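A short worksheet on the structure shown next.
The values are calculated or read from the model by the stated rules, or taken from the named source; none is laboratory data. Everything numeric in this text was worked out from a predicted model, so none of it was measured. Quick reminder, even Gly has a Cβ in these numbers, built from the backbone with ideal geometry, and neighbours come from all protein chains shown. Note: areas computed on protein heavy atoms with side chains; ligands, DNA, RNA excluded. Shrake-Rupley method; radii C 1.70, N 1.55, O 1.52, S 1.80 Å.
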Amino acid sequence: MNGALQNSHEQELYSTFQKNVIELFEHHLATGSAYAPAATSVLTEVIKSSEEETVMGLEVQLKQATDAILKVAPIAAFVSLKASTELFLRFVIRTSLESSDFEECKRRLIKRGEYFRGLTEASRDKIAEVGERFIQDGSVILTHGNSRVVAAVFERAAKTKRFRVYVTEGRPDGSGYSFAERLLSAGVSVTIILDSCVGFIMDQVDLVLVGAEGVAENGGIINRVGSLQVAIVASSYNKPVFVAVESYKFSRIYPLRQHDLPLPSKYREPWYPLLPEVKISKDVQFENPASDFTPPSLISLLFTDLGVLTPAAVSDELIRLYQ
């Protein structure tokens, strides 16, 4: 009985801990933080407030916090959050090997956590600076998805250049509309097109610029579903495909096919037509995978906070990050 009571108490403490982690994570998001910096802030707070007395205990607690964050992660952030939290945990292991004094180890971890957060927050500005150089006056660009880092590239370029952007509608949630509004407010000329219109419009385009939810070890990208077909069409027209992405989204994964993507099954939920006037039998099945994988052979360059990289260079950067 005592054992059962103890297990019940431990379970209650664990549930309360996860609830507090999720609340803190959502608070950071509500203040405008991006997902990875928000997660880093939460993990750093966990270290500061932890009552654990060993590195192993602290590592377990950080893994529990990571699990809580991933439970509430939206599809667009799942892969990047998984990659960035794994990298943070790698910092924990590395730091624990540098010092035998636990309190000193905690101080170093907190300092590294704050430094890591600073890097993630600054990465978007660095990428915008790198990426805008590839946008020329009079360029016509196609984009797909609702990437904040891609928006930052366009906004920076719009300060000194005039260009036009085709934005895909982004079904089934229509995310292209909010992205187009953001570009319009920055003074960018925008045209929204149907997702199925990519092939028709491609011969008018100079380049394709997309973001990424994650970057695989081979330099391929995981991004909003439809990115693969955009890249295939661009390749058939000999148009360059550029990817603007933060290095904390580099992940040690190596998908060989679409169904190898490391996404929970909840992200393959059915969807229904956007247009309410469409009437269709309930017997018709729908499938809407949230993301797809674009192989490195279809990607020209990646604009990152580490500089301009070829897809082949990603594996080398991952080795450096995890050393």
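Some notes on this structure:
- When residue 170 is tested against (1) assigned to a helix (DSSP H, G or I); (2) among the small types (Gly, Ala, Ser); (3) open to solvent by less than 70 Å² (accessible area, probe 1.4 Å); (4) within 13 Å of residue 230 (Cα to Cα), exactly one condition is not met: (1).
- Restricting region 35-57 to residues that are among the hydrophobic types (A, V, I, L, M, F, W, C) and crowded, with 20+ Cβ neighbours inside 10 Å, the residue that is farthest from the chain's Cα centre (by Cα) is 47.
- Residues located in region 46-80, provided they are part of a helix (DSSP H, G or I) and polar (S, T, N, Q): 49, 61, 64, 66, 80
- Members of region 221-234 that are in contact with a helix residue (DSSP H, G or I) (Cβ under 6 Å, 6 or more places away or on another chain) and modelled with pLDDT of 95 or more: 230, 231, 233
- Those residues of region 140-159 which are in a loop (DSSP other than H, G, I, E, B) and either within 26 Å of residue 171 (Cβ to Cβ) or open to solvent by 30 Å² or more (accessible area, probe 1.4 Å) (or both), in sequence order: 144, 145, 146, 147, 159
- The set of residues in region 215-251 that are in contact (Cβ under 8 Å) with a residue 12 or more places away in the chain and on the phi > 0 side of the Ramachandran plot comprises 219, 226.
- For region 30-45, a residue qualifies if it is of a type in the set (A, V, I, L, M, F, W, C) and either free of Cβ contacts under 8 Å to residues at least 60 places away in the same chain or assigned to a helix (DSSP H, G or I) (or both), and the qualifying residues are 30, 36, 38, 39, 42, 43.
- Long-range neighbours under 6 Å by Cβ, at least six apart or interchain, first residue farther than 24 Å from residue 231 by Cβ within region 183-197, second open to solvent by less than 40 Å² (accessible area, probe 1.4 Å) and of a type in the set (A, V, I, L, M): 184/190; 186/158; 187/158
- Taken over region 97-113, the criterion of being open to solvent by 30 Å² or more (accessible area, probe 1.4 Å), modelled with pLDDT under 80 and either part of a helix (DSSP H, G or I) or within 25 Å of residue 26 (Cα to Cα) (or both) is satisfied by 97, 98, 102, 112.
- Test: residue in region 131-139 that is in contact with a Leu (Cβ under 9 Å, 6 or more places away or on another chain), in a helix (DSSP H, G or I) and not hydroxyl-bearing (Ser, Thr, Tyr): yes
- Among the residues listed as 7, 2, 20, the single one being modelled with pLDDT of 80 or more and open to solvent by 80 Å² or more (accessible area, probe 1.4 Å): 20
- Just so you know, in region 153-177 the residues that are touching a residue at least 60 places away in the same chain (Cβ under 8 Å) and not charged (D, E, K, R) include one that is farthest from residue 286 (Cα to Cα), and it is 153.
- Residue satisfying condition, being out of contact with any helix residue (DSSP H, G or I) (no Cβ under 6 Å at 6 or more places or on another chain) and surrounded by 19 or more Cβ atoms within 10 Å (Cβ to Cβ), within set 205, 215, 210, 198: 205
- Residues (among the small types (Gly, Ala, Ser), out of contact with any helix residue (DSSP H, G or I) (no Cβ under 7 Å at 6 or more places or on another chain) and not in a loop (DSSP other than H, G, I, E, B)) located in region 280-311: 297
- Given (1) at pLDDT 95 or above; (2) surrounded by 12 or more Cβ atoms within 10 Å (Cβ to Cβ); (3) part of a loop (DSSP other than H, G, I, E, B), number of the condition residue 263 does not satisfy: (1)
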